[in-house]
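Student: This is the structure I want to talk about, given as structure tokens.
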Amino acid sequence: MFKKLLIFLVSVCVLVGAGTGLWVWQGLQTLEQPVALENSRILTVEPGTGFGQLALQLETEGYVEDALWLRLYARLNPGKAAIKAGDYELQPGMTPVAMIDAMVAGDVKHWAVQFIEGKTFADMRATLAATDRLEKKTTNWSDERIMTALGAEGRHPEGLFYPDTYLFTGNETDLGILQRAYDRMASVLEEEWQEREQGLPYESPYEALIMASIVERETGVAGERAEVAGVFVRRLQKGMRLQTDPTVIYGMGDAYDGRIRSRDLRTHTPYNTYRIDGLPPTPIAMPARAAIHAALHPAEGDALYFVARGDGSHKFSSTLAEHQRAVREFQLNRRDDYRSSPAPTTDESAEGQD
């Protein structure tokens with residue numbers, strides 16, 4: 001009798017165990033099935049989130065039916081519990097296991113912010129303020145406070161940040177982006193300065209950066225940058241004033257309404273190169289590497305003037321008489337479709353009547 005009872009109990013245990021094992025196996029299998037997503041979604045894992053909390057979050061948001069299976073999965077695979085905080089992009093077709101793998105790998109979502117060459121530091125700050133998913137730390141800071149935080153106390157910010165597209169995660173701040181752009185400009189400028197032509201009228205890399213910013217604002221035609229730089233370098237070498245409109249515009253600040261009048265050219269500001277000798281005191285915009293390279297490798301020649309043709313390019317002249325004829329042709333009798341740049345990438349057009 002006892003033997004029969006023992007056999008019965010063992011059989012029951014085997015059946016129960018087999019049933020439980022099947023149940024567990026089926027539950028774990030659900031983690032290998034694609035989640036029903038029609039579009040990608042962003043899942044945010046906050047710093048300090050444990051795996052159990054994540055499992056409940058995925059259940060609450062409908063990515064898994066029961067958090068139990070995720071917790072059991074982590075017990076069976078201890079390495080899968082080491083999730084990292086951040087924003088994750090969940091794509092249609094992903095399984096819960098694939099989601100966990102992404103979080104263990106720290107494969108967080110990246111966003112992008114773009115700074116355009118020829119724009120100013122004020123434009124850069126406005127872009128940062130309007131960028132979603134980026135923690136705003138400097139919104140109410142002065143320019144001086146920002147520069148101090150970047151380890152550049154007392155420096156004027158204009159031109160010291162490299163224009164480019166910067167990727168960032170949801171854990172980054174606007175100050176972090178500024179630091180990266182500041183460091184990048186310092187690196188690019190140093191690289192270009194080391195390879196500069198000899199005999200240039202610059203006493204420091206910063207003066208070359210000032211020139212590069214003027215070149216950046218004067219032309220959007222890649223093939224003209226070195227020619228424009230050549231004109232300005234020769235003027236400096238001859239003791240001529242630069243007489244470039246973009247510096248006047250920068251010195252006018254908010255008073256600029258899209259037009260430069262004769263009185264603006266007569267008004268003395270530190271940036272009015274019709275009134276001052278040499279370079280202005282700071283850059284007037286963010287130059288990219290191509291403009292920096294042009295400032296340090298100006299084209300040879302004898303041109304001392306240039307004027308916008310109206311199609312985005314310029315007419316270069318060696319004498320004042322030749323330049324005046326070009327002004328009459330291209331400026332006093334402007335074509336109907338006149339434009340000063342090949343593409344409207346800046347708010348102000350550089351007239352280039354130099």
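The values are calculated or read from the model by the stated rules, or taken from the named source; none is laboratory data. Quick caveat, the model's predicted, so the values are computed rather than measured. Here Cβ is always computed from backbone atoms with ideal geometry, including for glycine, and neighbour counts include all displayed protein chains.
Student: Scan region 40-84 residue by residue and report those that are aromatic (F, W, Y) and either exposed (fewer than 11 other Cβ atoms within 10 Å of the Cβ) or assigned to a loop (DSSP other than H, G, I, E, B) (or both).
Tutor: If the condition is that a residue be aromatic (F, W, Y) and either exposed (fewer than 11 other Cβ atoms within 10 Å of the Cβ) or assigned to a loop (DSSP other than H, G, I, E, B) (or both), then Y63 is the only one that fits.
Student: If a residue must be within 27 Å of A255 (Cβ to Cβ), crowded, with 21+ Cβ neighbours inside 10 Å and either among the acidic types (D, E) or modelled with pLDDT of 95 or more (or both), how many such residues does region 273-318 contain?
Tutor: 9
Student: Oh, and also: Looking only at region 243-255, how many residues end up being crowded, with 21+ Cβ neighbours inside 10 Å and either of a type in the set (A, V, I, L, M) or touching a His at 6+ places or on another chain (Cβ under 6 Å) (or both)?
Tutor: First pass over region 243-255, keeping only residues crowded, with 21+ Cβ neighbours inside 10 Å: 244-251.
Next cut, either of a type in the set (A, V, I, L, M) or touching a His at 6+ places or on another chain (Cβ under 6 Å) (or both) only: 248-249.
Looking only at that region, the number is 2.
Student: Assuming A321 fulfils every condition listed in (1) loosely packed, with under 13 Cβ neighbours inside 10 Å; (2) modelled with pLDDT of 90 or more; (3) in a loop (DSSP other than H, G, I, E, B); (4) of a type in the set (A, V, I, L, M, F, W, C) apart from one, which condition is it?
Tutor: Only one criterion in (1) loosely packed, with under 13 Cβ neighbours inside 10 Å; (2) modelled with pLDDT of 90 or more; (3) in a loop (DSSP other than H, G, I, E, B); (4) of a type in the set (A, V, I, L, M, F, W, C) is unmet by A321, namely (3).
Student: Are there any pairs with C-beta distances below 6 angstrom linking a residue in region 232-247 that is at negative phi and in contact (Cβ under 8 Å) with a residue 12 or more places away in the chain to a residue that is in a helix (DSSP H, G or I) and crowded, with 20+ Cβ neighbours inside 10 Å, with the two at least 6 apart or on different chains, and if so which?
Tutor: L242/F232; L242/R235; T244/I214; P246/R217
Student: If you check G159 against the conditions, is it at pLDDT below 95, within 20 Å of the chain's Cα centre (by Cα) and surrounded by 18 or more Cβ atoms within 10 Å (Cβ to Cβ)?
Tutor: no
Student: Moving on to the next point. Given the structure, is G176 of a type in the set (G, A, S) and part of a loop (DSSP other than H, G, I, E, B)? Walk me through it before giving the result.
Tutor: On the way: of a type in the set (G, A, S): yes; part of a loop (DSSP other than H, G, I, E, B): no.
It is false that G176 is of a type in the set (G, A, S) and part of a loop (DSSP other than H, G, I, E, B).
Student: Tell me the residue from A295, A285 that is outside any loop (DSSP other than H, G, I, E, B) and aliphatic (A, V, I, L, M), please.
Tutor: Criteria check complete, one pass: A295.
Student: Working only within region 250-268, note down all residues that are in a loop (DSSP other than H, G, I, E, B) and either modelled with pLDDT of 95 or more or of a type in the set (A, V, I, L, M, F, W, C) (or both).
Tutor: I260
Student: What residue, among those in region 207-224 that are out of contact with any helix residue (DSSP H, G or I) (no Cβ under 8 Å at 6 or more places or on another chain) and at pLDDT 95 or above, is nearest to Y305 (Cα to Cα)?
Tutor: Within region 207-224, the first condition is being out of contact with any helix residue (DSSP H, G or I) (no Cβ under 8 Å at 6 or more places or on another chain), and the residues that meet it are 207, 210, 220-221, 223-224.
Retained after the next criterion (residues that are at pLDDT 95 or above): 207, 210.
Details: E207: 21, I210: 19 Å.
Going through the qualifying residues, I end up with I210.
Student: Filter region 117-156 down to residues that are under 17 Å from L209 (Cβ atoms) and touching a residue at least 24 places away in the same chain (Cβ under 8 Å), then give me how many there are.
Tutor: Summing the residues that are under 17 Å from L209 (Cβ atoms) and touching a residue at least 24 places away in the same chain (Cβ under 8 Å) in region 117-156 gives 9.
Student: Let me ask you something else. Quick check: anything in region 194-213 in a helix (DSSP H, G or I), surrounded by fewer than 16 Cβ atoms within 10 Å (Cβ to Cβ) and out of contact with any Ser or Thr (no Cβ under 7 Å at 6 or more places or on another chain)?
Tutor: yes
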